[in-house]
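J.: Below is a structure I'd like to ask you about.
The values are calculated or read from the model by the stated rules, or taken from the named source; none is laboratory data. Remember, it's a predicted structure, so these values are computed and weren't measured experimentally. Note that each Cβ is placed from the backbone with ideal geometry, even for glycine, and that neighbours are counted across all protein chains shown. These accessible areas exclude ligands, DNA and RNA; they are computed on the full protein's heavy atoms, side chains included. Shrake-Rupley method; radii C 1.70, N 1.55, O 1.52, S 1.80 Å.
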Amino acid sequence: MIVMKFGGTSVGLPGNFANAVALVAARRDRRPVVVVSALTGVTNQLVEYARVPERRDEIGARLAAHHREFARAVRVDERLLDPLTGEWERAHGAWRAAAALSAAERDRVVAFGERWSSVLFAAGLASLGLEAVAVEAGAAGLVTDDRFGAAHPLPEAASRLAASLGSWPPLRVVTGFLGRTTDGRVTTLGRGGSDYSAAVIGAALGAEEIEIWTDTSGLLSADPRVVPEARVVPRLSFAEASELAYFGARVLHPKTLLPAIERNVPVRILNTARPDDPGSRITAGMAPAGDGWRVKSIASKKGITAVTIASTRMLLAHGFLARVFEVFGRHHVVVDLVTTSEVSISVTVDDTSRLPAALAELEGIGRVEVRPGLAVVAVVGEGAPNHVGLAGHVFTLLGGVGIGLEMISQGASRVNLSFVVRETDADRAVRLLHRGLGLDVEAPVPEDAGRV
């Protein structure tokens with residue numbers, strides 16, 4: 001059994017929709033379970049619907065019409081949408097006059113995107129002669145807590161999903177991004193939720209592979225918007241892919257890999273528009289990097305703020321770091337990189353929304369300096385940071401063009417060498433290192449990198 005997840009551009013453009021349906025049909029012997037996102041652009045419209053009461057009539061009508069038009073474009077019977085569209089219209093009658101919607105109501109609004117999409121995709125498969133049904137993830141067993149907008153699966157979700165989705169046929173098309181509380185209310189899983197749903201389902205089923213079908217041909221050696229010549233990395237370890245996702249690779253959200261890592265289920269990133277491309281395969285074992293520096297990719301993350309807490313009381317004292325991180329933890333401030341000296345500690349933060357309250361407390365511990373406008377650059381590859389001479393080569397390249405370093409941190413996993421630069425220098429640093437570390441030279445594709 002495999003899990004095939006299709007993103008918004010894969011199901012929301014008629015040509016890609018046809019490709020996606022054909023890809024599933026071609027894999028019927030592997031007993032696929034399909035997970036779908038909303039059609040491209042629909043989730044944003046639903047969020048706007050929930051946020052702006054005066055636009056609800058306009059957006060509500062447009063969304064219903066859009067899905068009927070899309071059904072005609074992909075040649076499925078638009079009448080199959082009638083039950084769900086009728087539910088939407090009845091709910092809209094209650095929502096249209098509400099000044100504000102609760103968090104639970106917002107999740108119910110947003111859920112219609114994946115629900116419409118799953119009906120359309122199941123109909124597309126049925127048109128090819130497959131026995132396919134649309135299934136809401138919550139009804140299939142993806143039970144969550146009640147943190148609406150950022151819900152998390154409960155431990156019992158795995159066994160419920162396995163019991164519900166483990167038999168085949170029919171071929172089930174499951175809504176990504178959605179769950180359900182134990183009392184039956186719809187929840188959404190937050191950013192990256194559709195990929196995360198696929199990983200949760202794949203882990204629960206013990207799938208042989210989780211395929212993430214998107215609009216790029218895999219994880220790349222750099223962001224192609226920064227480095228146009230960036231190449232697909234055919235093989236990565238879970239550790240490498242996790243680092244790239246965390247440091248900004250847009251193809252994959254960091255939390256997507258967690259369920260797959262726990263159950264050791266391989267993940268493959270593939271391109272719906274170019275299905276013959278081998279993509280990127282992510283597995284538990286270390287993937288070969290060939291000769292050279294062993295670097296797979298250069299990633300960057302902008303919008304970083306560095307915070308330094310300095311105090312002579314830190315010298316030879318115990319418990320100082322615990323006090324600092326207790327403050328960050330109490331205010332829910334997530335820290336990325338950490339460096340220390342005898343009398344100071346520096347950290348980086350990318351979400352500063354809760355930082356002011358934490359800073360007020362930290363000023364009681366030591367002198368606090370805040371430096372916004374920074375970026376983290378990560379040189380990623382299994383074993384690369386241990387390669388003799390890599391750090392010296394990287395910093396010589398950067399120094400040669402006048403790029404100064406604000407912080408340096410070598411990942412404890414020995415997978416990445418990270419450093420902080422001014423945000424205005426980040427793209428230049430990525431381009432320089434991509435070329436200087438030989439990533440602009442095409443590497444041979446491993447024999448097992450193609451689809452299985």
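J.: Any chance you could count how many residues in the range 45-76 are without any contact (Cβ under 8 Å) to a residue 60 or more places away in the chain and aliphatic (A, V, I, L, M)?
T.: 9
Per-residue answers, yes or no, for (1) farther than 21 Å from residue 276 by Cα; (2) open to solvent by less than 10 Å² (accessible area, probe 1.4 Å); (3) in contact with a Phe, Trp or Tyr (Cβ under 7 Å, 6 or more places away or on another chain):
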position: 5; (1), (2), (3): no, no, yes
position: 9; (1), (2), (3): no, no, no
position: 19; (1), (2), (3): no, no, no
position: 27; (1), (2), (3): no, no, no
position: 42; (1), (2), (3): yes, yes, no
position: 60; (1), (2), (3): yes, yes, yes
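J.: Pick from the range 403-452 the residues that are in contact with a His (Cβ under 8 Å, 6 or more places away or on another chain) and in a loop (DSSP other than H, G, I, E, B): which of them is modelled with the lowest pLDDT?
T.: Step by step, filter the range 403-452, then rank; the result is 440.
Conditions tested, residue by residue: (1) open to solvent by 10 Å² or more (accessible area, probe 1.4 Å); (2) small (Gly, Ala, Ser).
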{"residue": "144", "(1), (2)": "no, no"}
{"residue": "147", "(1), (2)": "yes, no"}
{"residue": "168", "(1), (2)": "yes, no"}
{"residue": "184", "(1), (2)": "yes, yes"}
{"residue": "208", "(1), (2)": "yes, no"}
{"residue": "211", "(1), (2)": "no, no"}
{"residue": "226", "(1), (2)": "yes, no"}
{"residue": "231", "(1), (2)": "yes, no"}
{"residue": "239", "(1), (2)": "yes, yes"}
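J.: Consider residue 116 carefully, then state whether it is under 26 Å from residue 164 (Cβ atoms), among the aromatic types (Phe, Trp, Tyr), buried (at least 22 other Cβ atoms within 10 Å of the Cβ) and modelled with pLDDT of 95 or more.
T.: The answer is yes for residue 116.
J.: Can you name the residue in the range 383-400 that is free of Cβ contacts under 8 Å to residues at least 40 places away in the same chain and not in a helix (DSSP H, G or I) and is also most open to solvent (accessible area, probe 1.4 Å) among such residues?
T.: 388
J.: Follow-up. Quick check, is residue 282 assigned to a strand (DSSP E or B) and over 26 Å from residue 267 (Cα atoms)?
T.: So residue 282 does not fit the description; no.
J.: For the condition in a loop (DSSP other than H, G, I, E, B) and either surrounded by 12 or more Cβ atoms within 10 Å (Cβ to Cβ) or in contact with a helix residue (DSSP H, G or I) (Cβ under 8 Å, 6 or more places away or on another chain) (or both), what is the one hit in 347, 333, 327?
T.: Selected residue: 333, the only one of 347, 333, 327 that is in a loop (DSSP other than H, G, I, E, B) and either surrounded by 12 or more Cβ atoms within 10 Å (Cβ to Cβ) or in contact with a helix residue (DSSP H, G or I) (Cβ under 8 Å, 6 or more places away or on another chain) (or both).
J.: Now for a separate question. Just to verify a result, which residue in the range 260-274, among those that are open to solvent by 30 Å² or more (accessible area, probe 1.4 Å) and either among the small types (Gly, Ala, Ser) or touching a helix residue (DSSP H, G or I) at 6+ places or on another chain (Cβ under 7 Å) (or both), is farthest from residue 205 (Cα to Cα)?
T.: 273
Let's see how each residue does on (1) crowded, with 17+ Cβ neighbours inside 10 Å; (2) out of contact with any helix residue (DSSP H, G or I) (no Cβ under 7 Å at 6 or more places or on another chain); (3) of a type in the set (A, V, I, L, M):
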{"position": "360", "(1), (2), (3)": "no, yes, yes"}
{"position": "372", "(1), (2), (3)": "no, yes, no"}
{"position": "381", "(1), (2), (3)": "yes, no, no"}
{"position": "408", "(1), (2), (3)": "no, yes, yes"}
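J.: Only one of (1) touching a strand residue (DSSP E or B) at 6+ places or on another chain (Cβ under 6 Å); (2) open to solvent by less than 10 Å² (accessible area, probe 1.4 Å); (3) not hydroxyl-bearing (Ser, Thr, Tyr) fails for residue 277. Which number is that?
T.: Residue 277 satisfies every listed condition except (2).
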